[in-house]
Amino acid sequence: MSFADWKIKTGGAQTPAHGDSRLVLSITRMTIHNGPGMRTLILFKGCPLHCIWCSTPESQKTKPELGVYPMKCIRCGDCIPVCPTKAISLPDGKLTVNRSLCNVCGKCVDVCNAKALEIMGHRMTITQLVTEVKKDEIVYKYSHGGVTISGGEPLFDTEFALNLLKAFKAEGINTGVDTCGEVPWKGLEPTLLYVDFFLWDIKHMDPEQHKKLTGVSNKLILSNAKAVAARNVPLYIRIPLIPGYNDSEENIRATCEFSRGLASVVQVDIMPLHHLGKARYDSLDRMYPIAGLALYSDEAILGIKHIVESYGLKCVIQA
Amino acid sequence: MAIVFDKKDTQNVGSWQDLFVPSYNERIKNLRENAIRTPEICLERLRVEMKVYEQYKDEPRIIQRARFLEAFLKEKTIHIWDNELIIGGINSKVRGSTIIPGDYSWLESELDDPVRDPQIRPFDRHIIHPEERKELREVIFPYFKGKTLADYNLARVDDDLKEHAFAGTSSCPHIPSLADWQMGGDIGHQMANYEKVLHKGLKGIKAEVEYYLAQVDQPYDHYSIKEKKDFYKAVLISVDAAIAYAKRYADLAREMAAKETKPKRKKELEHIAEVCTQVPANPARNWHEALQSVWMLHVVISCEMASLVHCFGRFDQYMYPFYKKSVIDEKTMNHDQALELLECFWIKCNGAMLRSYEFVKVLTGMGLGLVLTMGGQTRDGKDACNDVTMLCLETDEQLGVLLPETAFRMWEGTPDKYLRKATELVRLGYGKPKFIMDKKGVQMVAKGYPELTIEDWREYSLLGCTETNLPHITMGNLYESNSVAAKILELVINNGKCAICGKQIGPLTGDPRTFESIDGVRQAFREQVFYWMTYNAKGSKTLKEAQSAWYPAPFSSSLSEGPLQRGIDVTQGGAWFTTYGAFIAGLADTADSLGVIDRLIFREKKLTWDELTKALKANWQGYDNLRQLCINGVPKYGNDIDAADEWAAFVLDTWADSLDWINTQKELLPPWGGRWVGAIITGSNTVAFGHNVGSLPNGHIYPSPLADTMSPVQGMDKSGSTAVIKSASKLPMHRLALGGPLNLRLSPQFIATERDIENVMSFLRAIENEGIYHVQFNIISSEELKKAMKEPEKYRDLMVRVASFTAYFVDLTEEQQLDIIHRTEHQGCC
Ligand code: SF4
Ligand code: SF4
């Protein structure tokens, strides 16, 4: 069963958790910005960090969440009687869910034909994921692509990640892991045999600032990066650029200095701020912390690129 | 190379076209204006037709036709326009639409209309001068009243066929299969043997005709002597007329050269005179002569046949020896000069065609069906790309003009060099070239020509927008029939009644409430298809017979294989092969609707037939919730879900079955036989067909457009392009034999950097391997995004990407959408 079919079939109801499964947020085929070639991108739910600029807020929590899209609602009212906690109402015809009452049981999703309500996070097994990824095998073959697991934090459940990566490798699929790096070394180390490359986020070089922006210190992230580099697993360093937060020349230079020290670094991707994730905050009734923050000019980005390149690093703007 | 992309670093590109700096010279720059200026109409052909048929009224029709061509080529106004190196025009205008004899009642009503007049209407404008308006009104309209092919046809078609085969005459204009397009003109598709003329000259062809004519006089030839003699005589008249026509140009060039004061142009004109003296009468000796010969032949064919589609076949294959001779071996010119000449040739192809307001309202910007095929494999299965392939791609890149349409055949052995160039061309967003994939293509041709060998199949080229064809051995009557699969399904649901006008038009295939399983629906669908396709074949047969009597084409016959040997005109079954094309539209809507019936009515029992029919009768008004269930609750074609894709395959398999069956029924084919082949083509007729089909179980609301060709229903492909490819690869295209394009949408950001080019190249290779026959790319424009803001319903699948962030455009807030539009429109980062 494909992911699309899966969502149609199961609606809001969840299959019970078992050892070889994890909550999947989305599967996107034919992406081109997540490592070499064309790749299928899997987003998992659950992340140890909570970056203030996160563009996929629905990936942060480990539990399923209810996404609400009033624009799609046709105001049929079918969801109201099925809700066991009476969390849903339609004041002035606008679909509203009282989050403090909702227990994310998914009953409303099952009856909503318009898909104005959606459960974010569907439990999928390793077998299901491999089947889905294999659909584009021919595209990987010609483009030298594969699968990239992301999130959330794809290594959040390291045991699951290890088994999943093993399963991909058994099928001969190239594997990329888009990680925040905040993973215990004990769990990270065994996966290295099955990872073709990492997309490794470095959000700030200063531990204090890092904690302020993401909720955790960067100590483990940096030490892990060094250890991974020592094992010669290719690293794509990714710097999300957030104006005024982490884009000082000093911090950029510190990041480059650090990256240059990693023997297996392939390139540095700089990822300028965008506000496209705002709609997702809306659907979760959450506040978007950096609304209205000014975006970069072309020149400013090129300036940063030149700094990176002055360290002898290949730099790609992922805009 | 002339590509100058100065902002390679940013992906915020609206259109790569704006960043491309062409390197063509002043001459080409000026000539290019000729290709894009507002066309004028030309009435010369009508004047000659009105006179000649009268003058030769006692001659057999085929002689009349040859005499017409002779007189037309002799009398038509000829020009050599400033700067031109390749010369010769189908009509008397710089850029013109030849008005051909036919039913012009539409023009009669549109002429001088304050909105619809061709000169005023907002799209596809044509200039019609006051004296031409007068002539149309006073002479031409009255003359052709009751004297067109359509009138002749109508007189021969019986009432049963009028009712069931032609929407134009049926009491129900919404019938599912129509043979109407052939009613008023010969819209056959034919591809001349240009190569033969390049090597033998028209004089060589003449010698061949004389040889065959001499055979007819032998005492042992007893059959059809008179018909054969008339045919050969007509061919000789036509070929002589073509030779004389080229001579007129040679004389004109010489005359102009004598008067020319600028020494450079004087020399050019003298050279043109020399070229036109040599070709097409004699073999071409170099690149310039080869190009001129092909163009002049094309002009003469277009003057003879009224048909829309004359294609150039495997241009790079037959032109290469001449390029090699001039540029590589004898070095009489360099690459740039060869390119300039090809650019001149390209520009000449951009004629126009005047169509009615109603037609162009739906289908704007359509030129003549002029396709040039390149690349692919040689007969023995090696790669066929050569320097001319590259030259064609360069010309397309430089000029960015509509015609000729270019088809790039690719196979596993296509070198990266050519594929890269073709992909770079995609980036410019002209929708060129079309990618034609040999893996599936050869399988399809094998179905169309089972008698031949794999070596022959590898020779295929495009005839019309997508149709496979073996050049110059086939008379392809490809524009023969149009069927709307969705209408068939509507008839199944209503037991043969038209949902729009309420008439019982189709057979009684059973009240669906009595169906015990989905098999009842399948069976009814099959019965309806066979019923309508039978009528369609009968209707088409009648028209073909009329056309062969009315519009024999002796000149075109001389450039095909078969007619000369057999002594039979190409329109009368003379070519080695004759094919008839059945176009199928509305595939995805039908498949998705069948899926809804299967899943919601029979499997999950969430829906009853009564509820469904009530909702459909109400055109879904008041059934919003149910409609959402039908849209969202059932997997749809285009997402790589077998359960949905199998329905699309079922629809096409049923059609293929019906065509296979018709091919075995002699009485359904014209006396000379031939073979029906299928294609999934809709063009922009999706809009027109949308008016013929009632609301559908997949949530389709009357009268919105149907999904085009093989594409999923708009907004229903939610799993990305690779899923669309996989879904389409499950269709039995090899059984249909003719083809069908798959349109893919790319955002400019997807094909921005060098790495993206590599990715799209590998994507194309993957598509070939998956077994898709034809793909073409549209680069999304900011206008399209603006439309998506207004009509989110139709653009639910529109994906935008910024770095690894992917979102459906319509799911973004207005503010974000404007941001994306801004990124697409302006080259600066936001
Ligand atoms: S998911 Fe929440 S809103 Fe929906 S039915 Fe369950 S409790 Fe009610
Ligand atoms: S069921 Fe869906 S469409 Fe109906 S009121 Fe609830 S959210 Fe809106």
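Where a number appears in this text, it was derived from the coordinates with a stated rule and is not lab data. Everything numeric in this text was worked out from a predicted model, so none of it was measured. Reconstructed Cβ throughout: ideal geometry from the backbone, glycine too, with neighbour counts over all protein chains shown.
Just a few scattered comments:
- Inter-centroid distance (Cα atoms) of segment B:656-684 relative to segment B:733-758, Å: 29 Å
- Segment B:435-502 shape via C-alpha gyration tensor axes, a/c threshold 1.5: prolate
- Electrostatic dipole magnitude of chain B [Cβ: Lys, Arg +1; Asp, Glu -1; Cα centre; debye, to 20]: 740 debye
- Between B:Q337 and B:T514, residue separation times 0.36 nm minus the direct Cα-Cα distance comes to 56.5 nm.
- Rough spin-label spacing in nm, given labels placed 7 Å along Cα→Cβ, for B:T664 and B:T453: 2.9 nm
- Entries of A:K166/B:K726; B:K57/B:K229; B:K718/B:K790 with Cα pairs more than 22 Å apart: A:K166/B:K726
- Residue mean of other protein chain beta carbons inside 10 Å, A:132-141: 5
- Taking the DSSP beta bridges with both ends in the protein assembly as shown, the antiparallel portion is around 30 percent.
- Sequence-distant contacts, meaning Cα pairs under 8 Å at least 6 residues apart, place the relative contact order of segment A:68-119 at 44 percent.
- For B:I78 and B:S109, the FRET efficiency from 1/(1 + (r/R0)^6), where r spans their Cβ atoms and R0 equals 30 Å, is about 0.35.
- Extension gain (nm, one decimal) between B:R420 and B:D221, 0.36 nm per residue minus Cα-Cα: 66.0 nm
- Positive-end residue, the protein assembly as shown charge dipole about Cα centroid, Cβ charges, pick of B:Q64, A:I32, B:G89: A:I32
- Among the listed pairs B:K331/B:K432; B:K145/B:K226; B:K434/B:K730; A:K63/B:K606, those beyond 23 Å (Cα-Cα): B:K331/B:K432; B:K145/B:K226; A:K63/B:K606
- Degrees, to the nearest 10: A:249-260 long Cα axis against longest axis of chain A: 70 degrees
- Here the dipole of chain A is about 660 debye; that uses its Cα centre as origin and unit charges on the Cβ of Lys and Arg (positive) and Asp and Glu (negative).
- Reachable aspartates and glutamates, given that their alpha-carbon falls under 16 Å from the alpha-carbon of B:K29 and they are not under 8 places away in the same chain: B:D82, B:E84, B:D336, B:E340, B:E343, B:E394, B:D396, B:E397
- Annotation: the residues A:F44, B:F650, sorted from fewest to most other C-beta atoms within 10 Å of their own C-beta, follow the order B:F650, A:F44.
- Listed by chain and number, the lysines whose alpha-carbon sits under 18 Å from that of A:K169, ignoring those within fewer than 8 places in the same chain, are A:K134, A:K135, A:K141.
- Counting other Cβ atoms within 10 Å as a rough exposure proxy, the listed residues A:H306, A:H274, B:H734, B:H335 run A:H306, B:H335, B:H734, A:H274 from fewest neighbours to most.
- Treating r as the C-beta distance of B:D251 and B:S356 and R0 as 51 Å, the FRET efficiency rounds to 0.85.
- Using a Förster distance of 41 Å, the FRET efficiency for B:I701-B:D158 (Cβ separation, nearest 0.05): 0.65
- Only the Cβ atoms of Lys and Arg (+1) and of Asp and Glu (-1) were treated as charged; on that basis the dipole of the protein assembly as shown about its Cα centre amounts to roughly 880 debye.
- In terms of surrounding Cβ atoms within a 10 Å radius of their Cβ, B:I601, A:I237, A:I307, B:I120 rank from fewest to most as B:I120, A:I307, B:I601, A:I237.
- When the Cα positions of B:L626, B:Y637, B:L669 are compared along the charge dipole of segment B:618-680, B:L669 comes out farthest toward the positive end, with charges on each C-beta of Lys, Arg, Asp and Glu.
- Distance between the 7 Å Cα→Cβ label points at B:W672 and A:A227: 8.1 nm.
- Chain B, relative contact order [Cα under 8 Å, separation at least 6], %: 16 percent
- Gain on full extension, evaluated as 0.36 nm per residue between A:I74 and A:L193 minus their Cα-Cα distance, stands at 37.8 nm.
- Size-normalised alpha-carbon gyration radius of segment A:68-119, reference 2.2 N^0.38 Å: 0.97
- Residues of segment A:105-127 with amide N under 20 Å of the 7 Å Cα→Cβ point at A:T96: A:108-109, A:116-118
- B:H691 paired with B:E604, simple spin-label distance in nm, labels 7 Å along Cα-to-beta-carbon: 3.6 nm
- Shape of chain B, Cα gyration tensor, a/c cut at 1.5: oblate
- Considering only A:Q209, A:A116, A:V82, and ranking their Cα positions along the charge dipole of chain A that arises from unit charges at the beta-carbon of Lys, Arg, Asp and Glu, the one farthest toward the positive end is A:V82.
- DSSP beta bridges in chain B [antiparallel fraction, %, rounded to 5]: 25 percent
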